[in-house]
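Taken together, the values in this text are just the output of simple stated rules run on the coordinates, not laboratory data. The structure presented is a predicted model; accordingly, all values stated were derived computationally and were not measured. Note that we place each Cβ from the backbone using ideal geometry, even for glycine, and neighbour counts take in every protein chain shown.
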Amino acid sequence: MIASALDSLLNAGSSAPQAGWLPGARMLRTARGTVRVYDSEGKGPVVVMVPDGPNVIEHHADVIERLKPHARVICFEMPGFGYSRPGFRYDHSLQAGAAVILSVMDALSVKEAALHFSCANGFYALAAARLAPQRIRRLLLCQTPSLEPMNAWVQRVIPWPIRTPVVGQVLMRTTRRRVAHGWYAASLPDQNSRAPYRATADHALAHGACFCLAGVVQGLLSADQKELEGVKQPVQLLWGDSDKSHRRTPIDSLLALVPHAQIRHFPECGHFPDLERPQQYAEISLAALSA
């Protein structure tokens, strides 16, 4: 609780400047707090996606443009990332994350949606699918293993001070831009691919965006795999094989949670196969929606 409150205080601030925002992005008041959201408001099936921090909505602009002629695309930033500031009691737990997803859907009058989430956010998508199976149509995940290998990944990749409550919150707030630069170096295959990701994230962070990596790491370390078991909806997992940070992660471990999940490999992609191959991702997304 102290760490959550500290994250909220450290990331409190004036309203975020809208210069450079994707046209259509806005702040949305929900039952779980105010989040930044983009809503194409189009017709067709609804796709809900969230950026994998330090990515922000603007990182998804290309994917959104390819999807929105065929679907209503909603992209929002989870509390503690981008311009969605974490509430005083938001602890990044599975249930808290799932509640945010459903709260955004409620605020936008969305009865049913497909969730397109990645990495740790994939656990929130699974939790939401389990909590409200009648509202979650299907899941398209990227770089999401099962919970145990994810915790092992955290131990390998995330320095211990960031995993430590209070210390991690202060450290991330003061070094968030440097940590973001280092993360892209570890997760993307080459310098040319990293530069645009860094530029977009750096602009957001320089203008007050959040990157509460410590909060989400600490929140998920106490998660119980039983909270994620029993998902019946169709699930696809896309995996970037050139993600150096996950080179020791057993890719098929998600099958322990979702035995019926389909796994597709992207050999030349790093941590963001959805963003690195936007046309292919859009085609997979639309094929899944029409299945």
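Miscellaneous remarks
- Share, in percent, of DSSP beta bridges within segment 2-290 that are antiparallel, nearest 5: 35 percent
- Each of 73, 170, 258 has some number of other Cβ atoms within 10 Å of its Cβ, and from fewest to most they run 170, 258, 73.
- Between residue 224 and residue 264, the distance separating the two model label sites (each 7 Å from Cα on the Cα→Cβ line) works out to 3.5 nm.
- With the convex hull constructed from alpha-carbon coordinates only, the chain shows a mean projected area of 12.9 nm² over all directions.
- Separation between Cα centres of segment 262-290 and segment 170-232, rounded to whole Å: 20 Å
- Gyration tensor verdict on segment 46-105 (Cα atoms; rounded if a/c is under 1.5, prolate if a/b is larger than b/c, oblate otherwise): oblate
- Residues listed by number, segment 241-270, amide nitrogen under 13 Å from residue 62 label point at 7 Å toward C-beta: 269-270
- Pairwise FRET efficiency - residue 134 versus residue 181, Cβ, R0 = 45 Å, nearest 0.05: 0.60
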